[in-house]
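To keep things clear, I will list the structure first and then write my remarks on it.
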Amino acid sequence: MAKIKGTIVVDTERCKGCSVCVAACPSEVLALHRSVNSKGYNFSYMENPDACIGCANCAIVCPDSCITVYRQKFDTAPVR
Amino acid sequence: MSEEFKVEIKPENLVYQKPALTTDATMHYCPGCSHGTVHSLIAEVIEEMGIQDSTIGVSPVGCSVFAYNYIDIDWAEAAHGRACALATAMKRLNPGKMVFTYQGDGDLAAIGTGETIHACNRGENIAIIFINNAIYGMTGGQMAPTTLVGMKTATTPEGRRVDLHGYPFKIAEMLTHLDGVSYITRQSVNNPVNVRRAKKAIRKGFEKAMAGKGTSFIEIVATCNSGWKLSPVEANRWMEEHMHPVYPLGDLKDI
């Protein structure tokens, strides 16, 4: 049984905190950060990174193309 | 993230990144504006088709007036509403180029209606991308021809009235009657599924225009959360509830 996990890298300076990615995430991974970038926007970040499946939904709806998505397959065979 | 399943940041694991043709310039659009999403789709389609060096875009007057700053291809800036006329000239002089216009509803469906209809009727081999957000976003949210009945805007504070302002202009439906048009579709970018569909539609429209089949018209029903006075997420929801019933999504003509 393999496990697929994902992660994202947000260009926090480019992010405008519109939260469209937060609504698009099927795994409720994303949220807006409490701190702000230099323009004063609460940027998007992974609040619950373990749930990310790397589906890239957040990245394709992002109007400012600030999300890069990575996905990796892990073999979950019993560890010896 | 737990150490056991730590995803490594390396090129082999890359699923999605900013399209290569999207420039590093920060877009001037409001947070959550649909324009940015559509710009990314166009950049991806041009990149996938490998036509970066032979594509000319025509940017309109409206919020997307600075579109030429954001996608790294050749652009021309048209006078208000005249994008289709300019695209006609460029396509006829350079038949090998992919020429597309990128227009909003104030540009294409108001002052540029005549140019649009005649370009479609002549069957110019161009693609027209029409962003319909039912409002004049750039100038402060005035009523546009595409504004919904009852919709409140800066110039219709009591809502659009049929007896005074007429009906929403369904330009895509109207163009289906013209023989010069080979592909008319209406898409949206409110959720990931629709974004993927919109990308396919843009690609199909570009391919048809390049194959010389006639005009391709791709309408994108979009949000203007600043003009609608809603948050970006609420604007997407409002669009699904109110805009999509009036402007139903899907292919209207495909020959």
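The values are calculated or read from the model by the stated rules, or taken from the named source; none is laboratory data. For clarity, every value in this text was computed on a predicted model and none was experimentally measured. Every residue, glycine among them, receives a Cβ derived from its backbone with ideal geometry; neighbour counts consider all protein chains shown.
Scanning segment A:49-78 for residues that are more than 28 Å from B:E44 (Cβ to Cβ) and surrounded by 13 or more Cβ atoms within 10 Å (Cβ to Cβ) yields a single hit, A:F74.
Residues of segment B:229-255 being within 30 Å of B:K152 (Cβ to Cβ) and over 18 Å from the mean Cα position of the chain (by Cα), which ones? Spell out how you get there, then give the answer.
At the first step, the residues of segment B:229-255 found to be within 30 Å of B:K152 (Cβ to Cβ) are B:229-250, B:252.
Within segment B:229-255, B:K229, B:L230, B:S231, B:V233, B:E234, B:R237, B:W238, B:E241, B:H242, B:P245 qualify.
Can you list the strands (runs of 3 or more DSSP E) lying wholly within chain A that have 2 or more residues being facing chain B (nearest Cβ under 7 Å) and modelled with pLDDT of 90 or more? Please lay out each step first, then the result.
Numbers: elements: A:2-10, A:30-36, A:42-46, A:67-75.
Fully inside chain A and qualifying: A:2-10, A:67-75.
Let's see how each residue does on (1) of a type in the set (S, T, Y); (2) in contact with a Cys (Cβ under 6 Å, 6 or more places away or on another chain); (3) farther than 22 Å from B:E207 by Cα:
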site: B:H80; (1), (2), (3): no, no, yes
site: B:C84; (1), (2), (3): no, no, no
site: B:M98; (1), (2), (3): no, no, no
site: B:T116; (1), (2), (3): yes, yes, no
site: B:R122; (1), (2), (3): no, no, no
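With respect to B:D53, is the statement that it is among the acidic types (D, E) and under 25 Å from B:P192 (Cβ atoms) true? No.
Report whether or not A:C15 is of a type outside the set (G, A, S), touching a residue at least 40 places away in the same chain (Cβ under 8 Å), touching a Cys at 6+ places or on another chain (Cβ under 6 Å) and within 17 Å of B:V233 (Cβ to Cβ). Walk me through it before giving the result.
On the way: of a type outside the set (G, A, S): yes; touching a residue at least 40 places away in the same chain (Cβ under 8 Å): yes; touching a Cys at 6+ places or on another chain (Cβ under 6 Å): yes; within 17 Å of B:V233 (Cβ to Cβ): yes.
In short, yes.
Residues that are touching a Gly at 6+ places or on another chain (Cβ under 7 Å), buried (at least 16 other Cβ atoms within 10 Å of the Cβ) and within 14 Å of chain A (Cβ to nearest Cβ) do occur in segment B:2-14, at least one of them.
Of all residues in segment B:52-81, those being farther than 20 Å from B:H39 by Cβ, touching a strand residue (DSSP E or B) at 6+ places or on another chain (Cβ under 9 Å) and surrounded by fewer than 22 Cβ atoms within 10 Å (Cβ to Cβ) number 0. Considering each residue of segment B:17-70, count those that are in contact with a His (Cβ under 8 Å, 6 or more places away or on another chain) and within 11 Å of chain A (Cβ to nearest Cβ), and give that number. Residues flagged as in contact with a His (Cβ under 8 Å, 6 or more places away or on another chain) and within 11 Å of chain A (Cβ to nearest Cβ) within segment B:17-70 amount to 4. One residue alone among B:K199, B:K213 is within 16 Å of the chain's Cα centre (by Cα) and under 27 Å from B:G96 (Cα atoms), and that residue is B:K199.
If you filter segment B:142-196 down to residues that are more than 14 Å from B:M243 (Cβ to Cβ) and within 14 Å of chain A (Cβ to nearest Cβ), you find that the one that is surrounded by the fewest Cβ atoms within 10 Å (Cβ to Cβ) is B:V193.
What do you reckon, is A:G40 closer than 14 Å to B:V15 by Cβ and of a type outside the set (V, I, T)? Give the steps one after another, and end with the answer.
Values: closer than 14 Å to B:V15 by Cβ: no; of a type outside the set (V, I, T): yes.
In short, no.
When B:S40 is tested against (1) free of Cβ contacts under 8 Å to residues at least 12 places away in the same chain; (2) surrounded by 21 or more Cβ atoms within 10 Å (Cβ to Cβ); (3) among the small types (G, A, S), just one condition goes unmet, and that condition is (1).
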